[in-house]
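Undergrad: Can you read through this structure? Questions will come right after.
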Amino acid sequence: MAQQHLCETWSRADIQALFDMPFNDLLFKAQSIHRSHFNPNEVQVSTLLSIKTGACPEDCKYCPQSARYDTGLEKEQLMEVQKVLEQAERAKHTGASRFCMGAAWRNPKERDMPKIVAMIQGVRELGLETCMTLGMLSETQAAALAEAGLDYYNHNLDTSPEYYGDIITTRTYKDRLDTLQNVRSAGMKVCSGGIVGMGEEQSDRIGLLQQLANMPVPPESVPINQLVKVEGTPLDHLDDLDPFEFVRCIAVARILMPKSHVRLSAGRETMSDELQALCFFAGANSIFYGEKLLTTANPVAEADLKLFARLGLTPEQRKPAKPLFYDATARESQSSATV
């Protein structure tokens with residue numbers, strides 16, 4: 001069942017005050033909140049597979065899959081269902097509890113929906129939670145994915161409303177919010193976060209977290225990505241974000257969204273074990289593991305398990321959720337309760 005809104009509405013001044021706290025005080029506050037809602041020594045583990053790679057018509061400046069940039073990425077068609085299920089089986093054996101599937105689309109085409117539905121159903125039959133990121137969704141498409149049993153839908157806000165136009169021009173911030181509303185109204189859980197280190201100011205990181213925390217129901221999963229600079233994209237020349245600022249983002253996300261899983265997501269390939277440990281202490285309790293995050297490198301599962309062992313962390317054990325809605329009346333009722 002979707003988590004309820006946690007009462008307070010966060011102002012930018014409130015969030016700025018958290019970022020301004022002494023580092024040790026901020027981490028203590030975040031860890032204290034984390035412990036009141038989660039086992040601090042468990043981390044939810046997901047595996048992400050690109051089921052359709054490249055040739056995306058969007059102009060997201062961070063993305064090597066955009067057809068507008070020459071990044072040397074080979075274009076691939078939508079994978080066959082059986083190949084996806086083989087990868088899901090492998091992910092299950094390496095300890096993942098959720099299998100996430102991403103397609104480089106502006107939005108899914110109706111001709112692709114039968115395959116997508118079959119992938120969802122097949123992965124759930126393996127006993128894994130399911131998540132997909134397919135671009136924008138209409139109400140009808142969101143309902144179809146929910147009916148198929150999709151547990152989570154990922155659609156990131158990326159950055160603040162003010163900085164968004166500097167990163168993407170082919171879809172609006174409202175387009176993203178509308179898709180998230182369609183997902184929520186259809187009864188699926190929301191996975192939504194953003195990317196930091198894209199040349200934005202701290203005020204933009206505050207704006208992103210404010211948008212997420214002040215949703216009528218905050219996202220159940222909040223990925224905090226560090227920009228992975230890919231040669232050929234417009235952002236490949238930027239300076240790295242200060243690591244302590246990244247940890248602050250994790251800590252503030254944990255404070256603003258106490259019941260959400262905060263995912264230490266893209267960018268882990270270049271993070272030291274010590275930096276990752278700080279992020280876990282600051283409240284991160286979800287990761288992707290495997291060799292790739294869609295098209296960029298990610299620490300291999302064996303390295304992650306070794307780090308878990310050094311820190312005394314264990315993968316969180318989870319079970320797939322049943323579809324939330326079974327008839328239109330129930331869907332309508334839930335929609336009115338969460339919009």
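Laboratory data are not the source of any read-out in this text; all were calculated from the coordinates shown. Bear in mind the structure is a predicted one, so any value in this text is a computation, not a measurement. Here the Cβ positions follow ideal geometry from the backbone for every residue, glycine too, while neighbour counts run over all protein chains shown.
Undergrad: What spacing in nm lies between the two simple spin-label points modelled at Q121 and L311, each 7 Å away from Cα in the Cβ direction?
TA: Here the answer is 3.9 nm between the modelled labels.
Undergrad: Rounded to the nearest 0.05, what FRET efficiency is calculated for D236 and E201 with R0 set to 22 Å and r the Cβ-Cβ distance?
TA: Working: r = 20 Å, r/R0 = 0.91.
Approximately 0.65, to the nearest 0.05.
Undergrad: Report, by chain and number, residues whose modeled amide H sits under 5 Å from the one on V196, excluding near sequence neighbours (fewer than 5 apart, same chain).
TA: So V196 has HN proximity to N225, Q226, L227.
Undergrad: Give me the mean projected area, in nm² to one decimal, of the convex hull enclosing the Cα positions of the stretch 121-272. List each step's numbers first, then the result.
TA: Values: hull surface 39.5 nm².
Its average projected convex-hull area is 9.9 nm².
Undergrad: Averaged over all directions, how much area does the convex hull of the C-alpha atoms of the stretch 98-203 cover when projected, in nm²?
TA: On the way: hull surface 27.7 nm².
Over all viewing directions, the stretch 98-203 projects a mean Cα-hull area of 6.9 nm².
Undergrad: OK, next. Residues in the stretch 186-205 near a label at T170, defined as backbone nitrogen under 19 Å from the 7 Å Cα→Cβ point?
TA: Residues 195 qualify, since their backbone N sits under 19 Å from the label point.
Undergrad: Take the Cβ-Cβ distance between D273 and T94 as r, set R0 to 25 Å, and report the resulting FRET efficiency rounded to the nearest 0.05.
TA: On the way: r = 19 Å, r/R0 = 0.78.
Given R0 = 25 Å and the Cβ-Cβ separation, E is 0.80.
Undergrad: Let me ask another. If you scale each eigenvalue of the Cα gyration tensor by 5 and take the root, what three semi-axes come out for the stretch 85-159, rounded to whole angstrom and sorted largest first?
TA: Rounded to whole Å, the semi-axes are 21, 14, 11.
Undergrad: Give the long-range amide H neighbours of E42: residues separated by 5 or more places, or on another chain, with amide H under 5 Å away, using H modelled in the peptide plane at 1.01 Å from N.
TA: T314
Undergrad: To continue, here is another question. Work out how much length S32 to E139 would gain on full extension: take 0.36 nm times their residue separation and subtract the Cα-Cα distance, in nm to one decimal. Let's see the in-between values first.
TA: Details: separation 107, 0.36 × 107 = 38.52 nm, distance 3.87 nm.
My answer for the length gained is 34.6 nm.
Undergrad: Over 10 Å intervals from 0, what percent of Cα-Cα pairs in the stretch 180-227 sits in each interval?
TA: 25, 50, 22, 3
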